[in-house]
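Encoded as structure tokens, the structure appears first; notes follow it.
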Amino acid sequence: MTVKNALLALLAGGPAHGYQLKLQFDRATGAGWPLNVGQVYSTLQRLERDDLVVTDGPVDGEGRQAYVLTALGRETLREWFEGTEVQALAARDPVSLKVLMAAATAVVPAVDVISRQRAKATETLQALGAMRAQGATESLAWRLHLDRMILLAESEIRWLELAEQRVEAAAMADDPQHGRSRPTGDSDDSDEEDSNTQDSERSGADKKARKGSTS
């Protein structure tokens, strides 16, 4: 749906054939959204089938067919621009999946997975920052796309920090989902005191480990 509407937007500027639209699309997106010419032509065929575009004159000397918007195509484009987009709440994010599986199983410590992923996200953010510093003369599309990538990297780091806090809090609370059973039944005061002391010692060790990994 997104590519379809993007091609309608580009055709609003006048007739064009598939390869021209591919070049215009690359310029408009700062080459940040891979699109091959075969996908452009297959999308044009669907747009023609749906009466959103029609052919414009005969093919050129290289056998390329130009297309132009119909009235229905212009109306569809107007509705797209006037509407709003909703991000899927259940996006298939490989980072989220890895963290969730680490937290749900005992294969590896979830905090270790989160720490490594956060370090990688920080490295990516630094690389994007360097690109921004060197790209002052790049196109508006390129800079807008880079801004979005930087904000996404920052939000991933923030989420990973929150995920680490939640995983540690769950572990300290002896959540059964983290491989330990919550004590049941009555226990004497000395047993409860020993348990609290052990939890405190584990918490202190975890904090020292995190401090060493970030120093």
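The values are calculated or read from the model by the stated rules, or taken from the named source; none is laboratory data. Fair warning: this is a prediction, and the values are worked out from it, not measured in the lab. Neighbour counts are summed over all protein chains in view; Cβ atoms, including those assigned to glycine, are modelled from backbone coordinates with ideal geometry.
Observations on the model:
- So Thr122, is it at pLDDT 95 or above and not hydrophobic (A, V, I, L, M, F, W, C): yes
- Residue, surrounded by the fewest Cβ atoms within 10 Å (Cβ to Cβ), within the range 1-30, restricted to residues that are assigned to a loop (DSSP other than H, G, I, E, B) and touching a residue at least 24 places away in the same chain (Cβ under 8 Å): Gly14
- All positions within the range 74-92 that are exposed (fewer than 15 other Cβ atoms within 10 Å of the Cβ) and in contact with a helix residue (DSSP H, G or I) (Cβ under 9 Å, 6 or more places away or on another chain): Arg74, Phe81, Glu85
- So Trp33, is it surrounded by 13 or more Cβ atoms within 10 Å (Cβ to Cβ) and modelled with pLDDT under 90: yes
- Candidates Val40, Val108, Val113, Val95 - the one that is β-branched (Val, Ile, Thr), outside the structural domain of Ser139 (by TED's automatic domain parsing) and surrounded by 10 or more Cβ atoms within 10 Å (Cβ to Cβ): Val40
- Conditions (1) part of a loop (DSSP other than H, G, I, E, B); (2) in contact (Cβ under 8 Å) with a residue 40 or more places away in the chain; (3) closer than 20 Å to Met149 by Cα; number of the one not met by Gln117: (1)
- Just one residue in the set Gly57, Gly61 is over 21 Å from Leu7 (Cα atoms) and over 32 Å from the mean Cα position of the chain (by Cα); that residue is Gly61.
- Asp50 meets all of the listed conditions (1) under 22 Å from Pro15 (Cα atoms); (2) under 30 Å from the mean Cα position of the chain (by Cα); (3) of a type in the set (Asp, Glu) but one, namely (2).
- Of all residues in the range 104-114, exactly one satisfies the criterion of being part of a helix (DSSP H, G or I) and modelled with pLDDT under 90, namely Ala104.
- Count of the range 34-54 residues which are within 22 Å of Thr76 (Cα to Cα) and part of a loop (DSSP other than H, G, I, E, B): 4
- Hey, Arg148 of a type in the set (D, E, K, R), within 30 Å of Gly13 (Cβ to Cβ), in contact with a Gly (Cβ under 9 Å, 6 or more places away or on another chain) and part of a helix (DSSP H, G or I) or not: yes
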